[in-house]
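What follows draws every value from the coordinates through simple rules; no lab data is involved. Everything numeric here is computed off the predicted structure, so don't read it as measured data. Quick reminder, even Gly has a Cβ in these numbers, built from the backbone with ideal geometry, and neighbours come from all protein chains shown.
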Amino acid sequence: MVDLKGQYSKIKEAVDDSVLEVLDSTAYINGPKVHEFQKNLEHYLGVKHVIPCANGTDALQIAMMGLGLKPGDEVITADFTFAATVEVIALLQLTPVLVDVDPVTFNIDVDAVKKAITPKTKAIVPVHLFGMCANMEAIMSIAEDHNLYVIEDNAQAIGSNYTYSDGRKVKAGTIGHVASTSFFPSKNLGCYGDGGAIFTNNDDLAHTIRGIVNHGMYERYHHDVVGVNSRLDSIQAAILDIKLKNLDSYNKARLKAANAYDDAFKGNENIVTPFREPIENSHVFHQYTLRILNSDRDALVKHLNEQGIPCGVYYPIPLHRQKAYQDSRYNEADFKVTNQLVKEVISLPMHTELDDEQIEFITSTVIKFVNS
Ligand SMILES: *Cc1c(COP(=O)(O)O)cnc(C)c1O
C-alpha cells in the first residue's frame with residue numbers, strides 16, 4: 001500500500017545526517033529540532049500555534065481536554081472513520097454521537113449533524129477523510145448557531161487546501177477551533193515512528209494545551225490541571241522537518257497517481273472514482289478509494305491479493321456497530337450511507353513512489369475483474 005523505503009532512499013542523506021546530529025546532541029526530548037519543526041509547520045499551515053505530541057490519537061484527546069469538555073457532553077462525529085476519533089471521546093467519558101456520511105465525499109453529513117444536535121451537544125469532530133476536507137463552511141456555521149466547538153481530525157489531509165465559497169483558500173486543520181493530526185509513517189506527512197500535533201489559532205487554548213501535554217504544568221512542578229505526558233521526540237521531529245519541505249511534492253505525486261487511476265477507470269459503470277473538486281490541492285489522497293458497484297468487493301480484494309496487489313478496506317465495519325461503541329439510541333435507518341459504503345469501498349495502493357507501470361497493472365487487473 002505504501003513504499004516507505006523508496007521514499008526514504010531519496011532523502012536518506014539528509015535524514016541520516018539530521019538523526020545523527022540529534023544522537024550526538026543528546027537532546028532527545030524537547031530538543032531544538034522539535035521547536036524548529038513546530039515553527040516550520042506553523043509557517044507552512046498558516047496557523048498561529050502547533051503543539052507537537054506523541055501521536056494523532058493523543059492529539060484528539062488533548063484537543064478535547066483543552067476545550068474543557070466534561071463527562072456527559074455530547075460530541076458529534078462521523079460513523080465512517082478510523083476508531084481513534086470515537087475512542088477518545090468515549091475515553092474522556094464524553095458521549096459520542098455518531099452520524100452518517102455523505103455518499104459522494106465520504107465526509108460527515110451536514111444535515112445529519114444538524115439533526116443530532118441536542119442541548120447537551122458541545123462539539124463536532126469532522127474528519128477530513130482520505131485527504132479531502134469536510135464541508136467546513138457549513139459545519140462552522142452550524143457550530144456558530146449552536147455555540148459548539150469544532151475539532152478537525154486532520155490526520156489524513158495535511159497539506160490539502162480548503163476553499164471557501166468566496167474563493168479564500170486555507171490549509172486543512174486551520175479552520176476549526178482546534179485540529180489534530182498524526183505523523184504515523186503511512187500518513188501524508190509521516191515520521192519513522194509515532195508522532196502527532198495539535199493546531200489552533202487561539203492563544204489561550206494553545207497555552208492550556210501546552211500545559212496539558214506536559215503533565216498539566218505551566219510552571220515547573222506546579223500541576224494546575226490533570227494533564228498527560230505526550231511528546232514528539234527530537235529524532236522524529238528532525239525527520240519530519242526534512243519531510244515537511246517535501247510535503248507539497250509528495251502530495252503532488254499522490255495527485256498524479258490519483259489522476260492516472262481516474263483516467264484508467266473513466267466511464268466504467270462498475271466503478272465510482274473519488275469525488276474531485278475542480279480546485280487544486282483540495283484532495284491530497286491519503287487514500288485512493290473506489291466504490292465497487294454490481295460486483296463482489298470482497299472477491300476483488302482476494303483477487304488483487306492473489307495478483308500481488310496490496311489493497312485495503314477502509315473501513316469494513318461502521319463505528320456504530322462496533323461492540324465498544326454500540327448505543328441503544330442509534331437507529332440503523334440513520335446510517336444508510338455508511339452501511340452501504342462498508343460493503344463497496346476498496347482503497348488501492350497510494351503513495352509517492354507509484355510508477356506508470358504499476359498503475360497500469362493495478363488498474364487493468366481491477367477493470368478485468370469488475371467487467372467479468
Ligand atoms: C491515523 C488516524 C488517527 C490516529 O493517529 P495515530 O497517530 O495513529 O494515533 C486518528 N484519526 C484518523 C482519521 C486517522 O486516520
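The table for this structure:
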{"read-out": "Amide H contacts of C53 (H built 1.01 Å from N, under 5 Å, at least 5 apart or other chain)", "value": "G196, A197, I198, L232"}
{"read-out": "Two-decimal Rg/Rh across the range 247-371, once Rg and the Kirkwood Rh are taken from alpha-carbon atoms", "value": "1.01"}
{"read-out": "DSSP-defined beta bridges in the chain - what % are antiparallel, rounded to 5", "value": "60 percent"}
{"read-out": "Zone residues, the range 173-210, relative to V228, backbone N less than 13 Å from point 7 Å out along Cα-to-Cβ", "value": "180-182, 195-198, 209-210"}
{"read-out": "Highest-MSF residue in the chain out of N251, N259, N107 [GNM, Cα springs under 10 Å]", "value": "N259"}
{"read-out": "Loop chymotrypsin sites (Phe, Trp or Tyr not before Pro), the range 212-252 (other Cβ atoms within 10 Å of the site Cβ: 13 or fewer; DSSP)", "value": "Y221"}
{"read-out": "Under 14 Å from the I29 label point (7 Å along Cα→beta-carbon), backbone N, the range 187-213", "value": "213"}
{"read-out": "Protection proxy ranking of 195-207, 159-171, 341-353 - average other beta-carbon atoms within 10 Å, highest first", "value": "195-207, 341-353, 159-171"}
{"read-out": "HN-Hα J in Hz across the range 314-319 - Karplus 6.51, -1.76, 1.60, θ = phi - 60°, x for Gly and Pro", "value": "10, 10, x, 9, x, 4"}
{"read-out": "Solvent-free Debye scattering, log10 I(q)/I(0), computed from the Cα coordinates of the chain at q = 0.09, 0.12, 0.13 Å⁻¹", "value": "-0.51, -0.92, -1.07"}
{"read-out": "Among A78, A333, A112: highest mean-square fluctuation, GNM of the chain, C-alpha pairs under 10 Å", "value": "A333"}
{"read-out": "Most mobile listed residue (A59, A116, A238) in the chain, GNM with C-alpha springs under 10 Å", "value": "A116"}
